[in-house]
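Single-structure report; data block below.
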Amino acid sequence: MTIETIILTVGVALYLVLAGVLSAGRAQQVHGYAHWLMLALAIWVAGGWLLVNATSPDLIDIALTVNYTGSVLVPETGVMVVAHVSARALPLLVSSLLWLVPIVSLVIMIVPTLRPMMWSGPIDYLALAHAFELQRGWWLNWVHLPYAVAVYCLAVAGLARHARRQSRRLRIELLALAAVALAPLAVGVLRALGIAPWHTVSAATVIAALTPAVAWLVLRHGALFNDSIGHQALFDQMSDAVVLVDDHHHMISVNPAAAELFDLDGRHVRGLPLQQTVPTLAALMGDPSTDANHEAFTLNGRRLALRVSHVRRPGDAQVLRLLICQDITETYRAAATVRRNEALFRTLIHHASNAILRLSLVNDQSEYPDFEITVANPQGARLFESSPDALIGKTLGRQLFGTAVSDRQYALQKIVPVIREAQATGRRQDIEFCLSENGAKRWYRLLADPVDKDIGLTFIDISSERRQQDALHSQAMSDALTGVLNRRGFESAAGNYLHNASETLDAALLFVDLNGFKAVNDSFGHEAGDNILREVAVRMRETLRLQDIVARIGGDEFVALVTDTSRDDAVALRDRISRHLSHTYRLQDGRSVNCSASVGMSIYPQSATSLELLIKQADDDMYQVKAGHHKDRLRVDARMRLVE
């Protein structure tokens, strides 16, 4: 449903309501034929609604018929209303002639054979745009539309002329009504002359959009109340208790709601002093010269709010006072419940173990928008090294995050945009980030939840969970015996490095295999072998740099990815590792053993560009190096037998 359709629908409904209200009050002779004018306007707007929602040529014909009928009925009824309120009776002949053209136009539109005098096809119906191109007949162009415009202008001019003889306040209201009436006239003339295309907003839409202004001005003209309370139906149907008193504080009338509330007989209240009849209202009326809202009061167990308004009847200097009592008992109870719930909420927030903040957006124009803190519990205040009272009212952004986050730009670029995203999308945002507290890093999970126009922040300390995850990850990626990476950890770390490395940057992969390690295990036992493996890992770490990646991938096989190096440097490093690993190993029982190592090498990206191929080529190179050894030898001190 489009906005135009909604406006037209509401317009039809409101004009029909106005017609009913004015019809109910016609005996008071306040508006005379005004209810017929409202009905004609409803027909005009209904025609516009049908025209917008028509889905076939036949429906378009019906819509145009209703629309043009309303467009010609409005000027005629308008002239009659103006004549009535101006106390200028129209002669019978003039009244008859006024209706001649509308009747003829209606007959032409109803009879299919005569309809081409108004419009003819083909009508190009565009379903998406609701645009119509029609060929207008001579009656529509030269009689119907000019006549409707002329009579319309006559009615507006008559209303303006009548306004000149009224009091200043009423004159302003009548001239405003005349000005409102000119808006659809202007649109209609532009469309009729072809200046405004048919797919633009119609006069019916303009009339529908102006319904509130028409209702306010029409009901005020003649006043909502006259000597017998005009528009009694509307007055009686009000749910609020309404009491009308004169300037001497004597009651004129009450509606049924007031009669029930104050236990009055609505038929016999006229002339009764308000002070004696309803002393509570008399005491609350206050300054008799101004409108005012008064504090709520309690009556018969009900909580009421009093509104005092002043109304002046047209042509009468007497000022009437309208006392409107609204029953706010349920609202008052709901507010009390909200206050209790809010107190409970603040208690729960105060004792919550998580840091909780509530933010309001106060500056959305700068590069880094500011969010004002409106609620903060003690945990949230401690997060920013502050107290709740000191924190509330400050802005979350450059003012506060710089005090708690180790990297100020990190906080501004990661945390604040997440909060802004929650505010913009209306959906929860969930991230993890790290804060520096007393030199130690703590991890938090941030939940940013939209709360109406605000944002609720919950900071959950997940440092313990992160440490557990890191420990498990380390166990999964590390060799339990030596402390260096295992095969899985090496493939992950080395793979990430090669994935991000530039092909212009060299790296070397070293493959180390201990010569005769099986003989060590067989001769000295597995505990001695484990000691040697641990010592090998230590020596490789001492020889390599911190950024190099070392792992044990097999029983006595080690690998190392030497990052950002040249071939010559890699060869020198390989020889240095080979010499360092060939030094004597001292066992726990004091014995010593010599164990050499064969070291193979491949170069990235010359040898290969994938980790798998680099390992394979380094392994092949290692076997070529091992082939150069005539025999693995183990030497022990004089206390041990030599094992060949």
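The values are calculated or read from the model by the stated rules, or taken from the named source; none is laboratory data. Not measured: the values here are computed from a predicted model. Please note: Cβ atoms are built from the backbone with ideal geometry, for glycine as well, and neighbour counts cover all protein chains shown. Note: accessible area is taken over every heavy atom of the protein model, side chains too, but ligands, DNA and RNA are not part of it. Shrake-Rupley method; radii C 1.70, N 1.55, O 1.52, S 1.80 Å.
Multiply the residue gap between ALA572 and SER56 by 0.36 nm, knock off their C-alpha separation, and tell me the result in nm, one decimal place.
Here the segment from ALA572 to SER56 would lengthen by 176.8 nm.
Put THR5, THR113 in order of accessible area, largest first, 1.4 Å probe: what do you get?
The ordering from most to least exposed comes out as THR113, THR5.
Enter the accessible area per residue of the range 467-532 (Å², integer; probe 1.4 Å; all protein chains in place).
Value for the range 467-532: 53 Å² per residue.
What is the calculated FRET efficiency for LYS626 to ARG487, with r their C-beta to C-beta distance and R₀ = 22 Å, to the nearest 0.05?
0.60
Return the FRET efficiency for the residue pair ILE431, HIS249: r is the Cβ-Cβ distance, R0 is 51 Å, and the value is rounded to the nearest 0.05.
Approximately 0.15, to the nearest 0.05.
Go through 99-112, 139-152 and give me the packing order, highest mean Cβ count within 10 Å leading.
Final packing ranking: 139-152, 99-112.
What does the convex hull of the Cα atoms come to per residue for the range 443-546, in Å³? Don't jump to the answer; show the numbers that get you there.
Working: hull volume 17.5 nm³, N = 104.
Taking the convex hull of the Cα positions in the range 443-546, it is 168 Å³ per residue.
Would you check the accessible area of ASP556, probe 1.4 Å, heavy atoms only, in square angstrom rounded to 10?
30
Hey, rough spin-label estimate for SER582 and HIS526, points 7 angstrom out along Cα→Cβ, what's it come to in nanometres?
3.1
Could you calculate the FRET efficiency of GLU557 with ILE462 from 1/(1 + (r/R0)^6), where r is the beta carbon distance between them and R0 is 30 Å, rounded to 0.05? Walk me through the numbers before you get to the answer.
Values: r = 38 Å, r/R0 = 1.26.
The formula returns an efficiency of 0.20 here.
How much length, in nm to one decimal, is gained on full extension between ALA183 and ALA424, taken as 0.36 nm per residue of separation minus their Cα-Cα distance? Let's see the in-between values first.
On the way: separation 241, 0.36 × 241 = 86.76 nm, distance 3.83 nm.
Full-extension gain reported as 82.9 nm.
Cα to Cα, under 20 Å, and not fewer than 8 places away if on the same chain: which lysines meet these conditions relative to LYS626?
LYS518, LYS616
Once the piece of chain linking GLN326 and GLN275 is laid out straight, how much longer is it, given 0.36 nm per residue of separation minus the C-alpha distance between them?
Net length gain for the segment: 16.4 nm.
Taking the simple approach of a point 7 Å from Cα along Cα-to-Cβ for both MET238 and LEU106, what is their distance in nm?
Between MET238 and LEU106, the label points sit 3.7 nm apart.
Give me, ordered by chain and number, the residues 5 or more places off ASP370 or on other chains with an amide H under 5 Å from its own placed amide H.
VAL362, ASN363
Using the basic label-point model (7 angstrom from Cα toward the beta carbon), what is the SER353 to ALA335 distance in nanometres?
Going from the SER353 label point to the ALA335 one covers 3.9 nm.
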